[in-house]
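Right, I'll just put the structure down here and ask away after.
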Amino acid sequence: MTTGAITADGRARILADGNQMPMLGLGVWQVPNGAECVNAVRWALDEGYRHIDTAQAYGNEESVGKALRGSGVPRDEVFITTKFYPSHKDPVAEAQRSLTRLGVDQVNLYLVHWPQGGATWAWPGMERARELGYARSVGVSNFSVNQLDEVIAAGTIQPAVNQVQFSAPEYRRGLLDACRQRGVALEAYSPLGTGRHLSNETVMRVAKRVGRAPAQVLLRWCVQREVPVITKSTNHERIGENAQIYDFALSSEDLVELDALDQTNGTDLALERKWW
Ligand code: A2P
């Protein structure tokens, strides 16, 4: 079933502001700036990824920019996300610094990384960054429904995206439904549970049944739930494996089995514990 928010080829999510976000992206959280990050992004672009997710807090925007320039893939074919580090004060000034580090004129998506100091204070600066053309779309990350509603009530434009920890074992159905109702695209990070979910018995059983790798099953589950997903790997082979998710489908029985892994009780919270 599609809601009309996915492109006809199934490979991109249409955001409320009309921009399109590829369903699969490479995330570079915890990848050190330097050769390891440059290689991972370069391999991802070689393997067909057109969506890279970084953040000011990761300290590796320079490497993302370097890999992009070295790849030969035209800038306008790649969706780049970065995130405002909310220990800093000014989303506009920090966006300018990100653009310099990335070596691009504009990012596709700029997110408030987490709601530190309250949900709304950074939002006017995010809107301003968009007006100035530093970002085509703006959104938030790690926001629960209540925090999202605060931003929507206070803002001129609403967040296009809420990027949260989301996977079959963290199937935050309340948050997903609330985002849908508000026209906000929920985007998944840590879809493999940073590796933990790969050895889950149900995931392994479904993987065996469909003849695919556990990582592919977990990523495909997100895609079939119409949730754009970013996953991290620094290994060329695994980066390639994770891109092969459009040549098979999970049955409705597979999906139901995976849905039942949820440990969050269908929460509308983005996080069980905050880290700031
Ligand atoms: P590596 O970078 O060595 O490939 P998540 O996307 O949930 O954050 O999970 C990322 C973790 O899962 C990383 O530790 C990554 O390790 C590992 N990983 C990513 N893709 C695969 C895969 N296809 N098979 C096994 N492990 C993977």
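Check residue 35 against each of (1) open to solvent by 60 Å² or more (accessible area, probe 1.4 Å); (2) of a type outside the set (D, E, K, R); (3) within 22 Å of residue 106 (Cα to Cα) and name the one condition it does not meet.
(3)
Under 8 Å between Cβ atoms, at least 6 apart or on separate chains: pull out the pairs that start in segment 202-224 with a residue that is over 17 Å from residue 25 (Cβ atoms) and end on any residue that is within 15 Å of the ligand (Cβ to nearest atom) and of a type in the set (Phe, Trp, Tyr).
210/248; 211/248; 212/248
Quick one: which of 181, 147, 165 is out of contact with any Gly (no Cβ under 7 Å at 6 or more places or on another chain), polar (S, T, N, Q) and either open to solvent by less than 10 Å² (accessible area, probe 1.4 Å) or within 16 Å of the ligand (Cβ to nearest atom) (or both)?
Result of the check over 181, 147, 165: 165.
Could you say which residue among 231, 194 is of a type outside the set (D, E, K, R), within 8 Å of the ligand (Cβ to nearest atom), closer than 25 Å to residue 28 by Cα and open to solvent by 80 Å² or more (accessible area, probe 1.4 Å)?
From the options 231, 194, the qualifying one is 194.
Hey, residue 216 hits all of (1) part of a strand (DSSP E or B); (2) near the ligand (Cβ under 8 Å from one of its atoms); (3) touching a helix residue (DSSP H, G or I) at 6+ places or on another chain (Cβ under 7 Å) but one; which does it fall short on?
(1)
With at pLDDT 95 or above, open to solvent by less than 30 Å² (accessible area, probe 1.4 Å), assigned to a helix (DSSP H, G or I) and closer than 23 Å to residue 161 by Cα as the only criterion, which of 93, 57, 40 stands out? Walk me through how you get there before you give the answer.
Working: 57 fails: open to solvent by less than 30 Å² (accessible area, probe 1.4 Å); 40 fails: closer than 23 Å to residue 161 by Cα.
Sole residue among the options that is at pLDDT 95 or above, open to solvent by less than 30 Å² (accessible area, probe 1.4 Å), assigned to a helix (DSSP H, G or I) and closer than 23 Å to residue 161 by Cα: 93.
The values are calculated or read from the model by the stated rules, or taken from the named source; none is laboratory data. The model shown is predicted, which means the values in this text are computed figures rather than measured ones. All Cβ positions, even for glycine, are placed from backbone atoms using ideal geometry, and neighbour counts span all protein chains on display. In case anyone asks, the SASA skips ligands and DNA or RNA and just uses the protein heavy atoms, side chains included. Shrake-Rupley method; radii C 1.70, N 1.55, O 1.52, S 1.80 Å.
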